[in-house]
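What follows is one structure encoded as structure tokens, with my remarks underneath.
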Amino acid sequence: MPGRRAGPAPPGPGESADAGRACWESRRGYGWRGVGTGDEWPAREGDAQSRARWAEQGEGNGSRRAETSYNWGEGNDMSQATTYSGATTPGAEAGRARPLTELSEEELLFQKTVSRFARERIGPHVRAMDEAGVFRKELLKEMFELGLMGIEIPEEMGGQGGSFFQAVLAVEALAAVDPSAAVIVDVQNTIANNVILRWGNQEQKRRYLPRLAADTVASFALSEAGAGSDAFALTTRARREGGEYRITGRKMWITNAAEAGIYLLFANAAPEQGYRGITCFVVERGFAGFQVGKKEDKLGIRASSTCELILDDCRVPEENVLGEVGKGYKIAIETLNEGRIAIGAQMAGLAQGALDHAIAYARERKQFGKPIAEYQGVQFELAQMATEVEAARLLVYNGARMRDAGLPFVTEAAMAKYFASQAAENVASKAVEIFGGVGFTRDYPVEKLYRDAKIGRIYEGTSNMQKLTIAKQILAKP
Ligand SMILES: Cc1cc2nc3c(=O)[nH]c(=O)nc-3n(C[C@H](O)[C@H](O)[C@H](O)COP(=O)(O)OP(=O)(O)OC[C@H]3O[C@@H](n4cnc5c(N)ncnc54)[C@H](O)[C@@H]3O)c2cc1C
């Protein structure tokens, strides 16, 4: 709508004021070292019983219908997945050419640990959480204990001192089992923690990062009913009064909002300056005038909460302005440029999960006297699916490595999200078909992955917005 805003034209999607920012601090060890090498995941009381109980009730075990022993818990070991490209060779000599998917020893251990956590701890609950539309509190607690909610937060603040790439590995590995778990970790690490690490002052880091690493979930609240793709059309207003701001407005579609204690919330503090008035505030759940509103009943990622936020003259101390007043647009653009690499990872992981299920099922399901995997028609589908998964992963890993290396990555990030979300939809759809009739039921996990895949083309910028970014960048080249 031309002429709606005052002030200069806002930057377009994918723009960055300083895209080539310096590499982040060097990383240290992980809390999960020595935990998840594959065999020694600590058993917890009640595990065996609870799993058995779900099995008895028929939850997650649909084998009765298709006469195979296949069930929800199979497949999905992301550390096995990377072997498609002959990668995961730790200890590579310096200087030799390396495959993009090659992981360092630390990254490989981390990936295996997260994959195992996803399979063994989250896997048994995926179906019930999807049906209830709620993520189990104890799993959230375990994700904090494992360090998955503070991957890049420095160790001295209780985090893991890891890299953005490791956050991407975690999101991918979780998504292969449950894309809802993946988006919880995604928003916490690649969006919320990322914003405070990069834009917070020392006092804000000291106050919030230890909580975010230990036990507090965060949300990123930009969208509104009238401001989605055109996010800077937001109408939430912040008015300065004494030593605080009074914020009034409504936010929509806010991931993690039901569980969160901290909200990175965007409001316009100087509407006469157009998008240059947009400011990012740290709003705590207990602040007067703040309320979490309606929770959405969604098609997919149902265990991840998506809610409205209501701010009615909400009182926010001025020290809770993140970055500078009027710099919210920059924080939002640059954070989402990074975050969409991780959404690409969520979609690549989801696609890998669907492919793993399809391969396992095709090997077991017999028709006309032999496994359907022996028919070339099925083999060709699996081959195409595997190629799409691999291509998505390569785009995602490349974007994440570029970001960690301090190289400009905006085009690559948009390509990764655009392509991976398309691949996820295609692969999950084919997986449903390979399962035949049972693939269309809730007894098998591919039906859920198919529903979950749809969100990849919508949030953190729709596919059209990614294409706008890519086109803008390639057309700007001489
Ligand atoms: C499950 C879920 C979780 C979410 N989590 C968060 C969150 O945590 N925080 C947050 O701030 N937001 C969140 N969102 C909001 C999300 O980012 C927006 O829904 C998304 O950006 C699209 O905005 P919209 O829904 O208003 O669609 P619209 O912007 O109205 O788009 C509708 C259609 O029009 C197309 N379109 C719009 N403009 C153009 C254009 N210029 N050129 C071509 N096509 C165009 C779009 O591609 C789309 O197909 C979430 C949304 C969902 C569904």
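Just so you know, all these numbers are worked out from the coordinates, no wet-lab data involved. If you're wondering where the values come from, they're calculated on a predicted model, not measured in any experiment. Every residue, glycine as well, gets a Cβ built from its backbone with ideal geometry; the counts of neighbours run over all protein chains shown.
For Cα pairs less than 8 Å apart in space and 6+ apart in sequence, what is the mean separation divided by the residue count of the stretch 220-326, i.e. the relative contact order in percent? Reported as a whole number, the value is 31 percent. Considering the options Phe232, Met252, Tyr275, tell which one lies farthest towards the positive end of the dipole of the stretch 207-338, charges being +1 on Lys and Arg and -1 on Asp and Glu at the Cβ, about the Cα centre. Among Phe232, Met252, Tyr275, the one farthest towards the positive end of the dipole of the stretch 207-338 is Met252. Panel order for Glu334, Glu172, by other beta carbons found within 10 Å of each beta carbon, from fewest to most: Glu334, Glu172. Shape analysis of the stretch 138-207 places it in the prolate category; the axes a ≥ b ≥ c from the Cα gyration tensor give an a/c of at least 1.5, with a/b above b/c. Note on Lys294 and Asn464: with the Förster distance fixed at 45 Å, the Cβ-Cβ geometry gives a FRET efficiency of about 0.95. When each of Thr441, Thr255, Thr101 is scored by the number of other beta-carbon atoms lying within 10 Å, the sequence from fewest to most is Thr441, Thr101, Thr255.
In terms of surrounding Cβ atoms within a 10 Å radius of their Cβ, Ile153, Ile254, Ile301 rank from fewest to most as Ile254, Ile153, Ile301.
A viscosity of 0.890 mPa s and a temperature of 25 °C, combined with the Kirkwood radius over Cα pairs in Stokes-Einstein, give a translational diffusion coefficient for the stretch 220-326 of 178 µm²/s. Taking only the Cα atoms of the stretch 280-394, the ratio Rg/Rh comes out at 1.23, with Rh defined as the Kirkwood radius. A simple spin-label model places the labels of Phe368 and Arg240 7.5 nm from each other, with each point 7 Å out along Cα-to-Cβ. Measuring nothing but alpha carbons in the stretch 332-399 and taking Rh as the Kirkwood radius, the Rg to Rh ratio lands at 1.19. With K and R counted +1 and D and E -1, the other residues having a Cβ less than 12 Å from that of Ala288 yield a net charge of -1. Label the stretch 177-264 by shape, choosing from rounded, prolate and oblate, from the square roots a ≥ b ≥ c of the eigenvalues of the Cα gyration tensor; if a/c is under 1.5 it is rounded, and otherwise prolate applies when a/b is larger than b/c, oblate when it is not. Oblate shape, in that a/c is at least 1.5 and b/c is the bigger or equal ratio.
With r as the distance between the Cβ atoms of Arg98 and Ala233 and R0 = 45 Å, compute the FRET efficiency 1/(1 + (r/R0)^6) and round to 0.05. FRET efficiency, Ala233 to Arg98: 0.55.
Shown is the FRET efficiency for Thr387 and Ala128, computed with R0 = 30 Å from the Cβ-Cβ distance and rounded to the nearest 0.05: 0.35. Relative contact order, whole percent, for the stretch 164-243 stands at 20, derived from Cα pairs under 8 Å and 6 or more residues apart.
What separates the Cα centres of the stretch 134-155 and the stretch 249-280 is a distance of 24 Å. With 0.36 nm allotted per residue and the present C-alpha distance subtracted, the Arg206-Glu319 stretch has 39.4 nm of extension available.
Here the simple spin-label model places points 7 Å from the Cα toward Cβ, and for Lys141 and Asp312 these points are separated by 3.3 nm.
Rounded, prolate or oblate: which fits the stretch 329-476 when a ≥ b ≥ c are the square roots of the eigenvalues of the alpha-carbon gyration tensor, with rounded for a/c under 1.5 and prolate only if a/b beats b/c? Taking the square roots of the gyration eigenvalues as a ≥ b ≥ c, the stretch 329-476 is prolate. Each Lys and Arg contributes +1 and each Asp and Glu -1, all at the Cβ; summed about the Cα centre of the stretch 220-326, the dipole is approximately 240 debye.
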